[in-house]
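Working notes for the structure below.
The values are calculated or read from the model by the stated rules, or taken from the named source; none is laboratory data. If you're wondering where the values come from, they're calculated on a predicted model, not measured in any experiment. Please note: Cβ atoms are built from the backbone with ideal geometry, for glycine as well, and neighbour counts cover all protein chains shown. Just so you know, the surface numbers come from the protein's heavy atoms only, side chains and all, with ligands and any DNA or RNA stripped out. Shrake-Rupley method; radii C 1.70, N 1.55, O 1.52, S 1.80 Å.
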Amino acid sequence: MRRIILFLAIVTATGTATATPIKGGYLGKRIIVNAEMSYMPNYSSWKDLFMSYNFQYGGKVHVVTGRFTEIGVSYNRYSLGAHQRYDTSLSNNGKITGYQVGLTYRKYRKSRGGLAPLGKFVDVNLFYHDDKYNVVYENIQTFAPVIHKSRGISGSIGFGTQGIFWDRVVGNAGVRFGGPIYRFFEEKSTSDIGNNFDYMQQRLMYKDFFSVFFGVGIIL
Amino acid sequence: MLKPFLKSALFWLIPAAVFSQQTPNMDNYQPARSSGTLPPDVLQTTTEKYERSKQQINTGQSEELQKAEDNFYLQTNYAVDQILHSGAILVNDSMGIYVNRVADSLLAHDPQLRAQINIYILRSTVVNAFATDRGSIFITVGLLTRLHNEAELAFVLAHEIIHFKRRHVLTGYIEGVQMAEGEGKYSATTAENRFLKRHSYARAQETQADEEGFDMLVASNYDPHAAMGAFDILEMAENPFTDTLFHKSIFEDNHFVFPSKYYADTAKAYKIDEDEEDHDLATHPSVQKRKKNMKRRFSKLGGTDTTGSIFLVSESMFYRVRAMAMFEEAALHTNDGEFKEAIYINQSIQKVYPRNYYLQKEMVRAIFGTTVKKNAPFAFDDLSALLEAIFSGDIEEDDKTDVPVGQQARTKSFISSSDRDGWNVAAVKYAWRVHTMFPEDKDIAFWCRGLFRELTVENNLTIRDFQDNDSDMVRIGNMIMSDTALVHKLKVDTPIARWQVAIDHLDKDSLGATKYWEFAFVEEMKDSAFVQMFKDAMAYADSLEALEDIEDDMTSKQLSQLEKEENEAFFGPQGLKKVVVINPIYQSYDSRIPNGMLDVRKSIDGRTQMMNAMMESANTVGLQCEVLDPENMDSTDTDRFNDLMIFNDWFAQKGNFKEGDGLPVQQEQMNQLAAKYGTNYFMWCAYYTNREPRKGTVFRALSLAFAPIAPLVAYRLATPREDVYFVSIVYDITTGKPVWGVQREILKQKPTDARLKLQMYDMMRMLASPKKQKS
């Protein structure tokens, strides 16, 4: 994890160095600190699809590197409700929690009048994510806590629009599509009595499939 | 049948006679320019004027009418400022000073009213005069050219002063609002009748202005007969100010004549509309009706009222001002791309001022413009490009007609009928003749070079296509002497007269491959400077061909790479140190607003923000930027106001020509301006915003069912569609070529302040950033 943070720090520093005054974005302001929240449907069932949502929230630091481009780093936390009912005597009321750190390359759409950091954009995101599934059985005691873990890489592509208000504040909204790319660590809890690990994989698989995001930020 | 003709002939004979007698010395005529100090009318911002006008709102009337009046002040101030700020008017120029003195004389008894009125000369060839609610009266150059005496001018002014005094512009607007809303007297009638009543109201205002203007004329001791003269001018307003004979011989000499078929044998006289009936949709009563009304009013006068002077201020000044207006009109036609009209007007005035430097120079300019337009290729890829070309004037209007009405139509028909080669040859001959008369003039030399290039590049003619002696011309001309039928066609027996008959009547076999223009340069080719200029143009044509050959040899990949590099160079960084922005445009349209959809308030505010953003951004990126606009001037900036006029003329002409074509601008003047402002780079820029209802409401409403995107959908359902269009072009005025440009269609995006600032910043940054080195 330290190595990843170090890597992100280097990327940010490089971005800042690239953003010389002459190449700056909004009137020479080049760094944007952003808080973003996104929510995505729950694909567990038809009922969940319309009634249940997962939320993700976090912060981003973006750097305007050119007339139409930004790069950024982000940190997000999420909590996915993971309720399962197996039969009359067993139900799981657990949660999948996790965080992800990522890199974003954002391109403002010249053809649609975009000009960094304003207007319609497309962004490509690459995340390292670390997930934990805390299984909680309601009607049964297990001998040890049931915790499944996984880590991996996921990616997404987003389409959105960003506006600037009062010369300082940015607001953005849009949609993203994505999914896991590679999973390199899995740890199943041996004390689990259900097929919860598979369920966790399925939930994470579809977490980034479709999301709607809203963000507010400040131009430094 | 004869009556209209006689009337028309009389109308044109009178000015012609006066014209020939009253010919002020115009040898050293310089184009009309503003002088003295700039008045507050020009300098104040629209907002300032609007705030001041608002104080006049009648608070005793209904709230709706107060709102309508408020809107009127906003719109009218904006519209008038569009004229005042565009450089289209002259301030304190000789013509304006004289016209204002006539107003002094007219209102000598009412100094309070006089103090509220400012009269400006509007640089337009259209015959018109109009008043605003603010007391600004505009008289066009076109109207001045048609006046026969000062009293006629006084009547026109009196008419407009009454419009102002009676607040006709405001009451007419309020009437329009009531009509649209179906209020007041319009409440119990159909939409059609409301419309007709509105126009009837406008005609009543005109009649009032006529009648009270007539009374003012009488009261100020001007000859009341002048009112009739003013109506005569109105009757002929669509026609040029003179119907002087045009003959093709002005382009011919002993070695060059055009075939007679290009020149219409006769030209009809102009006809006067004798219709006395008002048209339902006309805002003015018919001229005949107005004349009749004036006659009735005149008959009621008695004693000394029926007499008066036709000149109270100065007769000599009047004739000078009229001559100036005529000189100006010749140039204005060229500025507007009406080259044939310019040629006609110019040749007419030249009959009185034959070797006048200004006229000769303007003639070459107009001829140059015509030639370039005539040679413009008709290569359009699709229908939309063709339509665009038609509307932009890239396609020459076809004025060919067998029996033209008036000498101007005869001129236009002649130029349209003549073939490209022959016309270009004639153009070169004329320009060269003027160049030898005024060899010091760099503009004339520039146009000469341009005409040679047109000859070699567009018409593929070289010096070898022309004969350096006239032996063949004489030989072929002599052939007609053996044909008795043709001999009778000779009016005089000279070699060129024989040649004229030969090219008109001999068949192709007799003429061989000889072109009628082949001997055109027999005299000119004796001049080594002429030959050298011709050869230079041939070398230029060769260099273009060589360039084309290189491009032909390139692969499609190389070509696309070349195009990419050219695009990058044009749209990319420029490394400029200074740029001057001319009259930036900001207009905000909103489909919810009736009458033109222009949101005046937003347009005014947006323009101010745009100019501020430009200056701030330029400072940020270290680019020197000057915005040439009356809003940035003070009363002593008359020179800059004149410069603004020149630049606006230049940009208007730029719009009339395709890229790569020459431009009939006075280049020397532009070079001087570049030196004066310390930069070659001048920008035209416009920012438009548009607001209209979104389409697809039903689909959006259905999409609301999908909750994740519901907030976005709801936002779109609740807000209109907004678009932004931003265009900016920077020209190097010393070469006339655009060096940088941006054209953005920012669709479905809000025109926020941030967007405006960002676009301005990006533009300035791009202009200031160092140019990329070519690979």
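May I ask you to verify whether residue B:358 is in a loop (DSSP other than H, G, I, E, B) and modelled with pLDDT of 90 or more?
Details: in a loop (DSSP other than H, G, I, E, B): no; modelled with pLDDT of 90 or more: yes.
It is false that residue B:358 is in a loop (DSSP other than H, G, I, E, B) and modelled with pLDDT of 90 or more.
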Filter result for residue B:688 (outside any loop (DSSP other than H, G, I, E, B), open to solvent by less than 50 Å² (accessible area, probe 1.4 Å), modelled with pLDDT of 90 or more and more than 11 Å from every other protein chain (Cβ to nearest Cβ)): no
Given the conditions (1) open to solvent by less than 50 Å² (accessible area, probe 1.4 Å); (2) more than 25 Å from the chain's Cα centre (by Cα); (3) within 14 Å of chain A (Cβ to nearest Cβ); (4) of a type in the set (A, V, I, L, M, F, W, C), report the number of the one that residue B:727 does not fulfil. (2)
Could you give me the residue pairs with C-beta distances under 6 Å whose first residue belongs to segment A:167-194 and is away from every other protein chain (no Cβ under 14 Å) and at pLDDT below 90, whose second residue is assigned to a loop (DSSP other than H, G, I, E, B) and surrounded by fewer than 18 Cβ atoms within 10 Å (Cβ to Cβ) wherever it lies, and which are 6+ apart or on separate chains? A:191/A:142; A:191/A:143; A:191/A:144
Of the conditions (1) open to solvent by 20 Å² or more (accessible area, probe 1.4 Å); (2) not in a loop (DSSP other than H, G, I, E, B), residue B:238 satisfies every one except a single condition; which number is it? (2)
Verdict on residue B:710 being within 14 Å of another protein chain (Cβ to nearest Cβ), part of a helix (DSSP H, G or I) and surrounded by fewer than 16 Cβ atoms within 10 Å (Cβ to Cβ): yes
Flag if residue B:739 is more than 9 Å from chain A (Cβ to nearest Cβ), in contact (Cβ under 8 Å) with a residue 12 or more places away in the chain and not in a helix (DSSP H, G or I): yes
Checking residue B:705 against (1) within 14 Å of another protein chain (Cβ to nearest Cβ); (2) assigned to a loop (DSSP other than H, G, I, E, B); (3) without any contact (Cβ under 8 Å) to a residue 60 or more places away in the chain; (4) within 34 Å of the chain's Cα centre (by Cα), which test does it fail? (4)
Count of segment A:145-195 residues which are in a loop (DSSP other than H, G, I, E, B) and either within 30 Å of residue A:108 (Cα to Cα) or open to solvent by 40 Å² or more (accessible area, probe 1.4 Å) (or both): 8
What about residue B:745, is it surrounded by 15 or more Cβ atoms within 10 Å (Cβ to Cβ), acidic (Asp, Glu) and within 14 Å of chain A (Cβ to nearest Cβ)? no
Any hit, segment B:671-683, residues being at pLDDT 85 or above, within 30 Å of residue B:749 (Cβ to Cβ), open to solvent by less than 60 Å² (accessible area, probe 1.4 Å) and touching a Pro at 6+ places or on another chain (Cβ under 9 Å): yes
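Would you confirm whether any residue within segment A:199-206 is farther than 18 Å from residue A:83 by Cβ and either within 14 Å of another protein chain (Cβ to nearest Cβ) or over 21 Å from the mean Cα position of the chain (by Cα) (or both)?
Taking segment A:199-206 and keeping what is farther than 18 Å from residue A:83 by Cβ, we get none.
Scanning segment A:199-206 turns up no residue that is farther than 18 Å from residue A:83 by Cβ and either within 14 Å of another protein chain (Cβ to nearest Cβ) or over 21 Å from the mean Cα position of the chain (by Cα) (or both).
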Working only within segment B:410-427, note down all residues that are among the aliphatic types (A, V, I, L, M) and more than 25 Å from the chain's Cα centre (by Cα). B:425, B:426
Subset of segment B:106-125, residues surrounded by fewer than 17 Cβ atoms within 10 Å (Cβ to Cβ) and in contact (Cβ under 8 Å) with a residue 24 or more places away in the chain, comes to B:108, B:109, B:113, B:116
Can you find a residue that is surrounded by 16 or more Cβ atoms within 10 Å (Cβ to Cβ), modelled with pLDDT of 75 or more and touching a helix residue (DSSP H, G or I) at 6+ places or on another chain (Cβ under 8 Å) anywhere in segment A:12-29? no
Per-region count, segment B:748-758, residues more than 7 Å from every other protein chain (Cβ to nearest Cβ) and either in contact (Cβ under 8 Å) with a residue 60 or more places away in the chain or touching a Phe, Trp or Tyr at 6+ places or on another chain (Cβ under 7 Å) (or both): 3
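Somewhere in segment B:694-701, is a residue touching a Pro at 6+ places or on another chain (Cβ under 7 Å) and either among the polar types (S, T, N, Q) or assigned to a strand (DSSP E or B) (or both)?
No: segment B:694-701 contains no residue that is touching a Pro at 6+ places or on another chain (Cβ under 7 Å) and either among the polar types (S, T, N, Q) or assigned to a strand (DSSP E or B) (or both).
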Consider residue B:281 against the criteria (1) closer than 27 Å to residue B:140 by Cα; (2) open to solvent by less than 60 Å² (accessible area, probe 1.4 Å); (3) at pLDDT below 85: it satisfies all of them except one. Which criterion is unmet? (2)
Any chance you could count how many residues in segment A:73-123 are open to solvent by 40 Å² or more (accessible area, probe 1.4 Å) and either in contact with a Cys (Cβ under 9 Å, 6 or more places away or on another chain) or under 28 Å from residue B:722 (Cβ atoms) (or both)? 5
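Name every residue in segment B:759-775 that is assigned to a loop (DSSP other than H, G, I, E, B) and facing chain A (nearest Cβ under 8 Å), in order of residue number. Before the answer, list the steps.
In the first step, residues of segment B:759-775 are kept if they are assigned to a loop (DSSP other than H, G, I, E, B); the result is B:769-775.
Within segment B:759-775, just B:769 meets the criteria.
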State all residues of segment A:53-72 that are open to solvent by 30 Å² or more (accessible area, probe 1.4 Å), more than 14 Å from residue A:116 (Cβ to Cβ) and either touching a Pro at 6+ places or on another chain (Cβ under 8 Å) or within 13 Å of chain B (Cβ to nearest Cβ) (or both); if no residue qualifies, say none. A:53, A:55
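Please find, among B:519, B:530, the residue that is in a loop (DSSP other than H, G, I, E, B) and open to solvent by less than 50 Å² (accessible area, probe 1.4 Å). Spell out how you get there, then give the answer.
Numbers: B:530 fails: in a loop (DSSP other than H, G, I, E, B).
When all the criteria are applied, what remains is B:519.
Just give me the residues in segment B:713-724 being touching a strand residue (DSSP E or B) at 6+ places or on another chain (Cβ under 8 Å), open to solvent by less than 50 Å² (accessible area, probe 1.4 Å) and more than 8 Å from every other protein chain (Cβ to nearest Cβ), in sequence order.
Filtering segment B:713-724 down to residues touching a strand residue (DSSP E or B) at 6+ places or on another chain (Cβ under 8 Å) leaves B:720-724.
Cutting the leftovers down to open to solvent by less than 50 Å² (accessible area, probe 1.4 Å) gives us B:720, B:722-724.
Correct list: B:720, B:722, B:723.
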